[in-house]
1. Within the set of pairs 6+ apart or on separate chains, which have a first residue in region 102-123 that is within 20 Å of Asp82 (Cβ to Cβ), a second that is of a type in the set (Lys, Arg), and C-beta atoms under 7 Å apart?
2. Which residues, counting only those in region 145-178, are among the charged types (D, E, K, R) and surrounded by fewer than 21 Cβ atoms within 10 Å (Cβ to Cβ)?
3. Does Leu13 meet the test of being at pLDDT below 95 and of a type in the set (A, V, I, L, M)?
4. From Leu62, Leu74, Leu106, Leu51, which residue is under 18 Å from the mean Cα position of the chain (by Cα), of a type outside the set (Gly, Ala, Ser), modelled with pLDDT of 95 or more and crowded, with 21+ Cβ neighbours inside 10 Å?
5. Yes or no: region 129-144 includes at least one residue that is crowded, with 21+ Cβ neighbours inside 10 Å and touching a Pro at 6+ places or on another chain (Cβ under 6 Å).
6. Confirm whether Leu152 is within 22 Å of Ala219 (Cα to Cα) and either at pLDDT 95 or above or of a type in the set (Ser, Thr, Tyr) (or both).
7. Give me the pairs: first residue in region 182-204 and free of Cβ contacts under 8 Å to residues at least 60 places away in the same chain, second residue of a type in the set (D, E, K, R) and crowded, with 23+ Cβ neighbours inside 10 Å, beta-carbon distance under 6 Å, and six or more apart or on different chains, which are they?
Amino acid sequence: MATRLVITLLCLLGLASPAFTQNWQYHSSGRFVIAYAANEQKLALQVIAELQRQQQALNQRLEFEPRRTITIFLCPTQYVFDYLTRSVVPDWGEAAADVSNWRMFLKSPVASTNRELKPGTLLHELVHLTLAEMVLPGRAPRWFDEGAATLLSGDTQHVSPTLISSAMATRSLVSFDEIEELLTFRNAQAGLAYSESYHAVGYLIQKFGEDAIGRFARALAAHENARAAFQAAFNKDLWDFESEYFDYLRAKFRWYFLWDDTVLWSAAILLLVVAGFIVTRRRIKRRMQEWEEEERLSAQNEADPEEEKSY
């Protein structure tokens, strides 16, 4: 019944919204409803099947059974994606989850710069929606939400240890509170926030066990703020955990920036310049020695006739 109601509402919205003037088709299966362009039915069915498979595995990992109906929009153009997401998704975003209305927005391969819709992208957004339901009536802090979505999905395209290492060198690591503004970040800083979030959740699991994500999510549902929830879940203050986590980053990633491609190329160029300078200096020195030797021999030859006359 709920699924039929969602489809009916979508059809009614289609009469009023320009984004729905392209003859959307709908398909429902389980708790998922997908809206797609007529020529992408095969892809839409594949998306639904993949999401159902992923949801089963996710339920087991988190020990949670979600019940909300999720509506997926398979956007055939960048315009439709921007329209439906109200252009709040940065250029680097290929998908988005609207956890307030239980919706997922995906760029069709024809609208994406990547030209493919990866399973990891689907799972990343599904984790967001599942965690959002788990923590109700609370809200997951963004570092935890993004970190869990990245880690559980394996969608690590924005994760880079060298970004963390470079940020250490310039003292520009972002705090958990600053990560709340992730969607306003530029590409490089967004990559740093994703990287920090990913490793924060990894460190959380390392410290408190494989069930740490589910434990914290359930605590967030039962407590009014993240700090109280963290204390209840792990008997540790969140601020102390954050401080320990940054110490962990400094110990683990301090010198990673040396392996950055830009640094390596710069070092290689510098070595070539230095090597060229040394070789050139040696050639000049050798040439000067040759000139000095030639002048000495020339002077000696000029002196020899005079010596013969003196005899």
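The values are calculated or read from the model by the stated rules, or taken from the named source; none is laboratory data. Bear in mind that the values here come from a model prediction, so they are computed numbers and not experimental data. Methodologically, a virtual Cβ is constructed for each residue, glycine included, from the backbone with ideal geometry; neighbour enumeration extends over all protein chains shown.
1. What qualifies is Pro109/Arg115.
2. Selection gives Arg171, Asp177, Glu178.
3. yes
4. Details: Leu62 fails: under 18 Å from the mean Cα position of the chain (by Cα); Leu74 fails: under 18 Å from the mean Cα position of the chain (by Cα); Leu51 fails: under 18 Å from the mean Cα position of the chain (by Cα).
The unique qualifying residue is Leu106.
5. Yes, there is a match, as at least one residue in region 129-144 is crowded, with 21+ Cβ neighbours inside 10 Å and touching a Pro at 6+ places or on another chain (Cβ under 6 Å).
6. yes
7. Pairs that qualify, where the first residue is free of Cβ contacts under 8 Å to residues at least 60 places away in the same chain and the partner is of a type in the set (D, E, K, R) and crowded, with 23+ Cβ neighbours inside 10 Å, are Ser197/Glu146.
Here's the yes/no breakdown for (1) in a helix (DSSP H, G or I); (2) in contact with a Gly (Cβ under 8 Å, 6 or more places away or on another chain); (3) among the aromatic types (Phe, Trp, Tyr):
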residue: Gly138; (1), (2), (3): no, no, no
residue: Leu151; (1), (2), (3): yes, yes, no
residue: Asp155; (1), (2), (3): no, yes, no
residue: Val159; (1), (2), (3): no, yes, no
residue: Thr162; (1), (2), (3): yes, no, no
residue: Ser165; (1), (2), (3): yes, no, no
residue: Met168; (1), (2), (3): yes, no, no
residue: Ser172; (1), (2), (3): no, no, no
residue: Glu178; (1), (2), (3): yes, no, no
